[in-house]
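The values are calculated or read from the model by the stated rules, or taken from the named source; none is laboratory data. What you see is a predicted model, and the numbers here were worked out from it, not measured in a lab. Every residue, glycine as well, gets a Cβ built from its backbone with ideal geometry; the counts of neighbours run over all protein chains shown.
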Amino acid sequence: MLLIGNGRLLSLVPDKPYQEDGAVAIDGDLIVAVGPTAELKARYPAAGWLDARGMVIMPGMINTHMHLYSTFARGMALKDPPPTNFLEILQRLWWRLDKALTLEDVYYSALLPLIDCIKSGTTTILDHHASPYAVSGSLEMIARAALETGVRTCLAYEVSDRDDEEIMRQGIAENIAAIKKYRGKEGLISATFGLHASLTLSDATLEACREAEGEVGSGFHIHVAEGIQDVEDALAKSGKRVVERLAVNGILGPNTIAAHCVHVTDREITILKETGTMVVHNPESNMGNAVGCAPVSDMLAAGVPVGLGTDGYTSDMFESLKTANVLRKFVSGDPGAGWVEVPAMAFENNRRIAGRFFPHPLGRLEPGAYADVILVDYQAPTPLGGDNWFGHLLFGFNGGLVDTTVIGGKVLMQGRRLLHLDEAAIAARARELAAKVWERF
């Protein structure tokens, strides 16, 4: 048993989000009690003790849309002219990179961003993977990396028609195998059914995926209307917009994640709401790819559960949080925008979305929730309390201030030092592999 205390406790439980002096008691991978430090020390005298030394004790951050495989693109030069639109970004970068990956590349390209997650306080990710020439076994490579690093991870392989039918079928099989092995089980790993996007999926492939998913009832994790090209393709294929096409093909529903939803209409927002589909906003990626900005406020107002992700741009969810806030203000022209929408996405909806894939609650420090806890070395320059914690977090926190990371009750980093991994050795091997990927790219 482990007791973490003597810190300022940010539980994110709505009726009592903050305690000036608090502690968390952990048994196995779950929280069993939360309360004043002295009280819990008296209740659990034999528990191991982790002294927060006045730091902020809070739940680990959750990233509901991530691409671990994108790691080896960092610093890489393209071999084609610079892209001028989103489809060209896919064609000239991501659809060449993923085809250059071997299973060992998949493993190492997952290890480094997972380490970054630990160092920045992100304790749960929902990943979305592609490696068309190394499909079979790829999700097991990511699961291995997640288990070795200790980061809670939901797997998915993005099925598409970019390659031949055999590769498409391998993608379906990879998803089903992972879902059967991990979904609903105890532990760090879960899985769902990945699809790339409407523009790379025929009606026949959507039908094959829906039939396979029917065996496991997992829902899907798919990119939706990220670029305008996805909309144009859907209209050309079916006479319907992306959300409409996916709805007709049975892809949407309460266990499905629709990442991005940049180019959606009011009618499509209504469909997302009526089907219970979850959406994930990825502000840095959308800005970087120049695809536009999702109508986040409209979707939230309609009752669509919109979460917050990074799309692989970063492992630091504090960074995504800040970007989402300023983007809301910039797009709306309202300096007051973001104060409600952003914490709703990052804390309430991310918790709800990730909770669809794991058997215990996440994102709060409360009994029964996963013991995913971070200590943030933040010295508040002004009063900090239950009514203004988000302002402190937004303007004062960053991943570099995370001192200690605990996932599933295991201390993975303390004093900014990884306790179980040789990051330098892992990075050295990754550089060797990345150089070869760049040659094949």
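Scanning for something surrounded by fewer than 24 Cβ atoms within 10 Å (Cβ to Cβ), touching a strand residue (DSSP E or B) at 6+ places or on another chain (Cβ under 8 Å) and closer than 23 Å to His67 by Cβ, does region 334-342 turn up at least one residue?
No; the residues of region 334-342 include none that is surrounded by fewer than 24 Cβ atoms within 10 Å (Cβ to Cβ), touching a strand residue (DSSP E or B) at 6+ places or on another chain (Cβ under 8 Å) and closer than 23 Å to His67 by Cβ.
Suppose the filter is at pLDDT 95 or above and surrounded by 24 or more Cβ atoms within 10 Å (Cβ to Cβ); does Ser297 pass it?
Details: at pLDDT 95 or above: yes; surrounded by 24 or more Cβ atoms within 10 Å (Cβ to Cβ): no.
So Ser297 fails the test.
Identify the residue in region 27-72 that is touching a residue at least 40 places away in the same chain (Cβ under 8 Å) and among the β-branched types (Val, Ile, Thr) and, among all such residues, is surrounded by the fewest Cβ atoms within 10 Å (Cβ to Cβ).
Pass one, region 27-72, residues touching a residue at least 40 places away in the same chain (Cβ under 8 Å): 27-34, 44, 46-72.
Then keep just the ones that are among the β-branched types (Val, Ile, Thr); that gives 31-32, 34, 56-57, 62, 64, 71.
Working: Ile31: 26, Val32: 18, Val34: 22, Val56: 27, Ile57: 28, Ile62: 27, Thr64: 31, Thr71: 23.
By that ranking, first place goes to Val32.
Tell me the strands (runs of 3 or more DSSP E) entirely within region 373-441 that contain at least 3 residues that are more than 22 Å from Pro14 (Cβ to Cβ) and modelled with pLDDT of 95 or more.
Answer list for region 373-441: 402-407, 410-414.
This table checks each residue for (1) hydrophobic (A, V, I, L, M, F, W, C); (2) in contact with a Phe, Trp or Tyr (Cβ under 9 Å, 6 or more places away or on another chain).
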{"site": "Asp164", "(1), (2)": "no, no"}
{"site": "Lys180", "(1), (2)": "no, no"}
{"site": "Leu195", "(1), (2)": "yes, yes"}
{"site": "Ser202", "(1), (2)": "no, no"}
{"site": "Glu207", "(1), (2)": "no, no"}
{"site": "Gly217", "(1), (2)": "no, no"}
{"site": "Phe220", "(1), (2)": "yes, yes"}
{"site": "Asp230", "(1), (2)": "no, yes"}
{"site": "Ala236", "(1), (2)": "yes, no"}
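Just one of Ala25, Ala38, Ala42 is over 27 Å from Pro383 (Cβ atoms) and assigned to a helix (DSSP H, G or I); which is it?
Selected residue: Ala42, the only one of Ala25, Ala38, Ala42 that is over 27 Å from Pro383 (Cβ atoms) and assigned to a helix (DSSP H, G or I).
Residues are listed down the side, and each one gets a yes or a no for (1) assigned by TED's automatic domain parsing to the domain that holds Thr200; (2) more than 23 Å from Gly171 (Cα to Cα); (3) surrounded by fewer than 21 Cβ atoms within 10 Å (Cβ to Cβ):
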residue	(1), (2), (3)
Ala236	yes, yes, yes
Ile251	yes, no, no
His260	yes, no, no
His263	yes, yes, no
Thr270	yes, yes, yes
Gly303	yes, yes, yes
Asp311	yes, no, no
Met317	yes, yes, no
Val326	yes, yes, yes
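Take the residues in region 378-399 that are surrounded by fewer than 17 Cβ atoms within 10 Å (Cβ to Cβ) and among the hydrophobic types (A, V, I, L, M, F, W, C); name whichever of them is nearest to Ser315 (Cα to Cα).
Phe395
Given the residues Ala143, Ala177, which is the only one that is in contact with a Ser or Thr (Cβ under 8 Å, 6 or more places away or on another chain) and at pLDDT 95 or above?
On the way: Ala177 fails: in contact with a Ser or Thr (Cβ under 8 Å, 6 or more places away or on another chain).
So the residue among Ala143, Ala177 that is in contact with a Ser or Thr (Cβ under 8 Å, 6 or more places away or on another chain) and at pLDDT 95 or above is Ala143.
Suppose we filter region 1-19 for residues that are without any contact (Cβ under 8 Å) to a residue 40 or more places away in the chain and either within 18 Å of Tyr370 (Cβ to Cβ) or surrounded by fewer than 18 Cβ atoms within 10 Å (Cβ to Cβ) (or both); how many remain?
Of the residues in region 1-19, 2 are without any contact (Cβ under 8 Å) to a residue 40 or more places away in the chain and either within 18 Å of Tyr370 (Cβ to Cβ) or surrounded by fewer than 18 Cβ atoms within 10 Å (Cβ to Cβ) (or both).
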